[in-house]
Amino acid sequence: MASITHQVNFIGFTRAVAAAGGIAFVGIANGFNSKVCEVDLGSGEVLETYSFLYEVHDVVFSGNYLYVLALRAFHILEY
């Protein structure tokens with residue numbers, strides 16, 4: 001049976017989640033204060049936050065890159 005181990009509350013609407021290497025990348029839409037947060041899956045701690053001007057709609061992690069689709073922009077973050 002599945003159980004909740006950690007719960008992280010954000011201001012805004014969670015639009016997308018991608019996970020890789022024990023890290024969840026959470027796309028949050030909040031008008032012109034949207035962000036992607038890195039969350040450690042083991043502890044639930046928010047490790048890093050990246051701000052975006054437009055609402056985040058989707059996040060995908062592939063290889064060493066995090067792709068962020070926002071309302072009027074497409075961003076690529078290298079890891």
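Each value in this text was obtained by applying a stated rule to the coordinates, not by laboratory testing. Bear in mind that the values here come from a model prediction, so they are computed numbers and not experimental data. Cβ sites come from the backbone with ideal geometry, for glycine too, and all protein chains shown count toward neighbours.
Placing +1 at every Lys and Arg Cβ and -1 at every Asp and Glu Cβ, with all other atoms neutral, what dipole size does the chain have around its Cα centre, in debye to the nearest 20? Mind showing how you got there, number by number?
Working: 3 positive and 7 negative charges, 49 e Å.
That gives the chain a dipole magnitude of about 240 debye.
Please give the peptides 35-42, 2-9 ranked by average Cβ packing (other Cβ atoms within 10 Å per residue), highest first, as a rough proxy for protection. Intermediate results must be reported in sequence, preceding the final value.
On the way: 35-42: 16.9, 2-9: 7.2.
Per-residue Cβ counts within 10 Å, averaged per peptide and sorted highest first, yield 35-42, 2-9.
Say a paramagnetic label sat at a point 7 Å from the Cα of His57, along Cα to Cβ; which residues of region 1-34 have their backbone N under 14 Å from it?
Answer for region 1-34: 15-16, 29.
Using 0.36 nm per residue of separation minus the Cα-Cα distance, give me the extension gain between Thr49 and Val8 in nm, one decimal. Don't skip to the end; give the middle numbers.
Values: separation 41, 0.36 × 41 = 14.76 nm, distance 1.33 nm.
Gain on stretching Thr49 to Val8: 13.4 nm.
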